[in-house]
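Below: the structure, in structure tokens.
The values are calculated or read from the model by the stated rules, or taken from the named source; none is laboratory data. Remember, it's a predicted structure, so these values are computed and weren't measured experimentally. Positions of Cβ are backbone-derived with ideal geometry, glycine not excepted, and every protein chain shown enters the neighbour counts. Accessible surface areas use protein heavy atoms only, side chains included; no ligands, DNA or RNA. Shrake-Rupley method; radii C 1.70, N 1.55, O 1.52, S 1.80 Å.
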Amino acid sequence: MLDVKRLRNDFEEVKRKLQKRGENLGDLEKFEDLDKKRRTLIQETEELKQRRNQVSQEVAQLKREKKDADHLIQETKEVSQKIKEIDTELKETEETLQQLLLSIPNIPHDSVPVGEDEEDNEEARKWGDIPVFPFEAKAHWELGTDLGMLEFEKASKVTGSRFVFYKGAGARLERALINFMMELHAEEHGYEEMIPPYMVNRTSMTGTGQLPKFEEDAFGIREEDYFLIPTAEVPVTNFHRDEIVDGTSLPIAYVAYSACFRSEAGSAGRDTRGLIRQHQFNKVELVRFVKPEDSYDELEKITGHAEKVLQLLKLPYRVMNMCTGDLGFTAAKKYDIEVWLPSYNDYKEISSCSNFEDFQARRANIRFKRDSKAKAEHVHTLNGSGLALGRTVAAIMENYQVEDGTIRIPDALRPYMGNKEFIGK
RNA sequence: GGAGAAGUACCCAAGUGGCUGAAGGGGCUCCCCUGCUAAGGGAGUAGGUCGUGUAAGCGGCGCGAGGGUUCAAAUCCCUCCUUCUCCGCCA
């Protein structure tokens, strides 16, 4: 959510920046009228309330003196009626304004390249060498089936499309990666570990920006009005919702493991094979709550933490600075880390690291005080995948495959895999 | 799931219709006392948000949330949420 005061005082500037996103901002123009109407109604009702309060005092005084107060009571009756009418209109206006504010995306940072779609994303850096196979390389879904690591058809039977069973070495690999990543971030990068609830309420989904605009992307639990989390970002960021944290405790950093659930509405036909696009996948997520002046340094830091995982696993990747048209609703700036995937003969997103500035903090009402006497300010929030596990498994399987159909285990992962050297031998 | 009880400021807690933005503790800040620590004495401090104003300020809201009754609600009524206790069920 944007700062109402900024929107009020700097409307054209904000609008100009939002237009870089190339989104339809149809309702934005209604802001000024709604804002003005709201403030007029507030002034009207408050004036009447002040009057009512004064008269109530007088009535109380008269009653105590056992005097007659009927004429004052009559007057206040009418005033109260009027207040009720104005308050009803005010409430409707505020509701409309709130919905409008919740539907406005974040303002892109000045360092974000202007562009329409993924074609215009800029490569920030590249790491590692793309493997060359002197044999016909297999895709991970082939390897997974051949080696008994992944069962797609069983999952289709048991649940439906876009689900998978990890089995044997596949399950072990996934679990090893969870431990590897959690320990790296907790012990080397200073994050506190978390395992969050996998369902959250509507307020939490609104707090991080999944709602109200993107309800069709989430799986909902109707009876409770809960949602399956699409990422641990939602519960972990909302962990501090409606709180004022001590400024000296910033930055607060959590690393959370969770399953993630996405309906993938609108992705029919995309990435239909393998682990790349599932309705349920595991992810280790990094979340940081920081002071506003630090948030862009922090974005570099969190991106580095995610990159470190790929470096230790020796998987080639590149970092993309997402353009204005590909930023997503909530981010002010975002880096996607893309891992090399031989089956795609291309890089594929494996982590997304975003600075939301105060966009989520306003929605979720997360603030801090620099000291006990200071005024509360909104924190800046950031998160980054560190990493998406399914895609990491796919990347390891494909990049580390050997001609005999087995998979070499990356050195860094061997302690977590019973010190084995290969899968399939 | 059933039955009870409770939700008041940073924490504990008093308060059943008007003089309560809210007693009293604790905490916190300052001072005194004290060789140090502990303890003691005194004074002070009460949040947040919205509107308005250059500002000091003024005003509205606020006692879990939302409605209602009333001239007037922390206080009465209704709905919901959360926590606790007991029972049931259960990994």
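For region A:52-78, residues that are open to solvent by less than 100 Å² (accessible area, probe 1.4 Å) and near RNA strand B (Cβ under 9 Å from one of its atoms) total 16. Taken as a whole, the condition of being aromatic (Phe, Trp, Tyr) and under 30 Å from A:Asp246 (Cα atoms) applies to A:Phe368. Going residue by residue through region A:340-355, is there one that turns out to be within 16 Å of RNA strand B (Cβ to nearest atom), surrounded by 20 or more Cβ atoms within 10 Å (Cβ to Cβ) and either without any contact (Cβ under 8 Å) to a residue 60 or more places away in the chain or not in a strand (DSSP E or B) (or both)? There is no residue in region A:340-355 that is within 16 Å of RNA strand B (Cβ to nearest atom), surrounded by 20 or more Cβ atoms within 10 Å (Cβ to Cβ) and either without any contact (Cβ under 8 Å) to a residue 60 or more places away in the chain or not in a strand (DSSP E or B) (or both). Taking A:Arg367 and the conditions (1) at pLDDT 90 or above; (2) touching a His at 6+ places or on another chain (Cβ under 8 Å); (3) part of a strand (DSSP E or B); (4) open to solvent by 40 Å² or more (accessible area, probe 1.4 Å), which numbered condition does it fall short on, given that it satisfies the others? For A:Arg367, the failing item is (1).
Close Cβ contacts (under 6 Å, 6 or more residues apart or on different chains) running from residues in region A:45-57 that are among the hydrophobic types (A, V, I, L, M, F, W, C) to residues that are within 6 Å of RNA strand B (Cβ to nearest atom) comprise A:Val55/A:Thr76.
Scan region A:1-22 and report the pairs whose first residue is aromatic (Phe, Trp, Tyr) and whose second residue is within 15 Å of RNA strand B (Cβ to nearest atom) and modelled with pLDDT of 90 or more, with Cβ atoms within less than 9 Å and a gap of 6+ or a chain change. Matching pairs, first to second residue: A:Phe11/A:Phe31; A:Phe11/A:Glu32. Considering region A:23-51, the residues that are open to solvent by less than 100 Å² (accessible area, probe 1.4 Å) and of a type in the set (Asp, Glu) include one that is farthest from RNA strand B (Cβ to nearest atom), namely A:Glu23.
Counting the residues of region A:385-425 that are in a loop (DSSP other than H, G, I, E, B) and either surrounded by fewer than 14 Cβ atoms within 10 Å (Cβ to Cβ) or out of contact with any strand residue (DSSP E or B) (no Cβ under 9 Å at 6 or more places or on another chain) (or both) gives 9.
State whether one or more residues within region A:307-321 are under 17 Å from the mean Cα position of the chain (by Cα) and in contact (Cβ under 8 Å) with a residue 60 or more places away in the chain. No; the residues of region A:307-321 include none that is under 17 Å from the mean Cα position of the chain (by Cα) and in contact (Cβ under 8 Å) with a residue 60 or more places away in the chain.
Conditions tested, residue by residue: (1) without any contact (Cβ under 8 Å) to a residue 60 or more places away in the chain; (2) of a type outside the set (A, V, I, L, M); (3) under 30 Å from A:Arg270 (Cβ atoms).
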position: A:Arg362; (1), (2), (3): no, yes, no
position: A:Arg370; (1), (2), (3): no, yes, no
position: A:Leu387; (1), (2), (3): no, no, yes
position: A:Tyr400; (1), (2), (3): yes, yes, yes
position: A:Met417; (1), (2), (3): no, no, no
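Against the criterion of being open to solvent by 50 Å² or more (accessible area, probe 1.4 Å), within 16 Å of RNA strand B (Cβ to nearest atom), without any contact (Cβ under 8 Å) to a residue 60 or more places away in the chain and more than 38 Å from the chain's Cα centre (by Cα), A:Glu92 does not qualify.
A Cβ distance below 9 Å, combined with a sequence gap of six or more or placement on separate chains, defines the contacts here; from region A:62-74, residues that are hydrophobic (A, V, I, L, M, F, W, C) reach residues that are not in a helix (DSSP H, G or I) in the pairs A:Leu62/A:Asp68; A:Leu62/A:Ala69. None of A:Thr231, A:Thr248 is open to solvent by less than 60 Å² (accessible area, probe 1.4 Å) and assigned by TED's automatic domain parsing to the domain that holds A:Ala361 except A:Thr231. Out of A:Lys213, A:Lys157, A:Lys167, one residue alone is under 30 Å from A:Glu298 (Cα atoms), open to solvent by 50 Å² or more (accessible area, probe 1.4 Å) and either without any contact (Cβ under 8 Å) to a residue 24 or more places away in the chain or touching a helix residue (DSSP H, G or I) at 6+ places or on another chain (Cβ under 9 Å) (or both). It is A:Lys213.
Which one is nearest to A:Lys348 (Cα to Cα), of the residues in region A:253-277 that are modelled with pLDDT of 95 or more and among the charged types (D, E, K, R)? Ranking the candidates gives A:Arg277 first. Given the structure, is A:Pro410 more than 30 Å from A:Arg162 (Cα to Cα) and more than 16 Å from RNA strand B (Cβ to nearest atom)? It is false that A:Pro410 is more than 30 Å from A:Arg162 (Cα to Cα) and more than 16 Å from RNA strand B (Cβ to nearest atom).
Give me a count of the residues in region A:200-210 that are open to solvent by 40 Å² or more (accessible area, probe 1.4 Å) and over 19 Å from A:Ala265 (Cβ atoms). Steps first, answer last, please.
Looking only at region A:200-210, we keep the residues that are open to solvent by 40 Å² or more (accessible area, probe 1.4 Å), and these are A:201-203.
Right, trim to over 19 Å from A:Ala265 (Cβ atoms) and you get A:201, A:203.
Residues in region A:200-210 being open to solvent by 40 Å² or more (accessible area, probe 1.4 Å) and over 19 Å from A:Ala265 (Cβ atoms): 2 in total.
Report yes if A:Lys126 is surrounded by 17 or more Cβ atoms within 10 Å (Cβ to Cβ), in contact (Cβ under 8 Å) with a residue 60 or more places away in the chain and among the charged types (D, E, K, R), otherwise no. Answer is no for this residue.
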